[in-house]
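Asker: Please read through the structure below; I'll follow up with questions.
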Amino acid sequence: MNEIKPTYETQDALENKPIIIIQASFFSSFFSNPENFVDLYKFCSNKDLDPATIEYLKLDSPLLTRHMANDVAFITADDRLIILVEHSSSNNPNMPQRFLLYYAEYIRIWLSKNDIELSGTKKVKIPTPEFYVAYTGLKKFNEKNLTFEPNEYIKIKADFLDMKYEKLQNKDVNNAVAGYTFFIETYYNEIFKGKSREEAFITAQKETKKRGYLSDIIDKEEFMLAYKPIIDIEADMMQGGLEAGIEIGMGRGMGIGMEKGMEKGIGIGRKEGIGIGAIRMLFELTKPNLDDLKNVARKYNLSDKQLASIISALEDSFKKDKGPNYKLPSEISRFCIAQRNEMMKEKSQKPSPSIEKSPVKKRGDDGR
């Protein structure tokens, strides 16, 4: 397999392609419990709610597809407020538009349920909406809110919140958001260290229990059935990793012809792209040591030289996101330098291609 060089194709793939999608139904299942949702609402709004005063709203609507279903919503018992929270692992600027559709459909259902008509002369008061996006993606996102304002009559604003464990202010053992993020992030850490899904789940369950999180449900069979992530992480990584790999492969194949380059590049880039995704996730979610990185590289059949090239490309990406002073851990930096020196040594020892000169014809050689 060819060496991966930190080219613009690699850099673009690292910076712009989604690497992994956390299963939205896991988020929905967990926070559809009112006791858990009040902690999520506190995280989003810094306001308190009594779980006894809210009702879960399930949006079973023929007007919305499964790709356009709100993750979790509650309405207050006095019909004062509808709270919609959407989970996102990518930077989606269209969340306000989606919320507009969700809210309109919720109100349609609410009017029907309460036998309220809008055709009368009496003004109808409908529940006020609040929109929140719980972001768990990798790429740094500086937006604090997203706004959709197509004209002077419509303005939809959604608060955008970075929901990662290290950034939580409340890490109390009884806090549902802390328990959820700790479990999920621990699970993914283990996946990207090369563990199977079953092994990752067992480790995440054990570490979450050790911290005291989710103590009321984590040992119950319902948790195993309802909350255990059952998606194939590699299949999700394939979606983003394959796109990244295709770009890398196509870029590399340009020199041997577009058609041939695509065919060969997709095959090579597919595996490399997934490996890039796994290694990036390991850096994002943990402080990896060299052994962790080598284990992941072996899982995706990447050589030490390829691993060093990927890390070098990631370092440039992280400097853009985290600032120019970002540095790799010293052990990993030494490894990259050693591999780079080895590659330069091998290159210098390769004989230069000789250029065969055509013999100079002398006058008379052609018989004249």
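The values are calculated or read from the model by the stated rules, or taken from the named source; none is laboratory data. Everything numeric in this text was worked out from a predicted model, so none of it was measured. Neighbour counts are summed over all protein chains in view; Cβ atoms, including those assigned to glycine, are modelled from backbone coordinates with ideal geometry.
Asker: Quick one: in the stretch 192-219, of everything that is touching a residue at least 40 places away in the same chain (Cβ under 8 Å) and either in contact with a Cys (Cβ under 9 Å, 6 or more places away or on another chain) or surrounded by 15 or more Cβ atoms within 10 Å (Cβ to Cβ) (or both), which residue is nearest to G137 (Cα to Cα)?
Answerer: F192
Asker: Being of a type outside the set (G, A, S), within 23 Å of the chain's Cα centre (by Cα), over 25 Å from S196 (Cα atoms) and not in a loop (DSSP other than H, G, I, E, B): is that true of E315 here?
Answerer: Considered against the rule, which asks whether it is of a type outside the set (G, A, S), within 23 Å of the chain's Cα centre (by Cα), over 25 Å from S196 (Cα atoms) and not in a loop (DSSP other than H, G, I, E, B), E315 comes out as yes.
Asker: Within the stretch 147-173, how many residues turn out to be in contact (Cβ under 8 Å) with a residue 24 or more places away in the chain, in contact with a helix residue (DSSP H, G or I) (Cβ under 9 Å, 6 or more places away or on another chain) and not aliphatic (A, V, I, L, M)?
Answerer: Within the stretch 147-173, the subset in contact (Cβ under 8 Å) with a residue 24 or more places away in the chain is 147-148, 154, 156-164, 168, 170, 173.
Among the residues that remain, those that are also in contact with a helix residue (DSSP H, G or I) (Cβ under 9 Å, 6 or more places away or on another chain) are: 147-148, 154, 156-161, 163-164, 168, 170, 173.
From the residues that got through so far, the ones that are not aliphatic (A, V, I, L, M) too are 147-148, 157, 159-160, 164, 170.
Counting residues in the stretch 147-173 that are in contact (Cβ under 8 Å) with a residue 24 or more places away in the chain, in contact with a helix residue (DSSP H, G or I) (Cβ under 9 Å, 6 or more places away or on another chain) and not aliphatic (A, V, I, L, M) gives 7.
Asker: Out of the stretch 39-80, which residues are in contact with a Ser or Thr (Cβ under 6 Å, 6 or more places away or on another chain) and either modelled with pLDDT under 90 or closer than 24 Å to D162 by Cβ (or both)?
Answerer: Selection gives D71, V72, A77.
Asker: A further question on this structure: If you scan the stretch 312-322, which residues turn out to be buried (at least 16 other Cβ atoms within 10 Å of the Cβ) and more than 16 Å from E342 (Cα to Cα)?
Answerer: A313, L314, E315, S317, F318
Asker: Can you confirm whether the stretch 184-191 contains a residue that is loosely packed, with under 14 Cβ neighbours inside 10 Å, modelled with pLDDT of 70 or more and of a type in the set (D, E, K, R)?
Answerer: Checking the stretch 184-191: not a single residue is loosely packed, with under 14 Cβ neighbours inside 10 Å, modelled with pLDDT of 70 or more and of a type in the set (D, E, K, R).
Asker: Any residue that is modelled with pLDDT under 75, aliphatic (A, V, I, L, M) and farther than 22 Å from K195 by Cβ - is there at least one of those in the stretch 279-298?
Answerer: Checked the stretch 279-298: no residue is modelled with pLDDT under 75, aliphatic (A, V, I, L, M) and farther than 22 Å from K195 by Cβ.
Asker: If the Cβ limit is 8 Å and pairs must be 6+ apart or interchain, which residue in the stretch 118-143 that is closer than 24 Å to L57 by Cα and in a strand (DSSP E or B) pairs with which residue that is modelled with pLDDT of 70 or more and among the basic types (K, R)?
Answerer: Close Cβ pairs satisfying both conditions: T128/R80; F131/K157.
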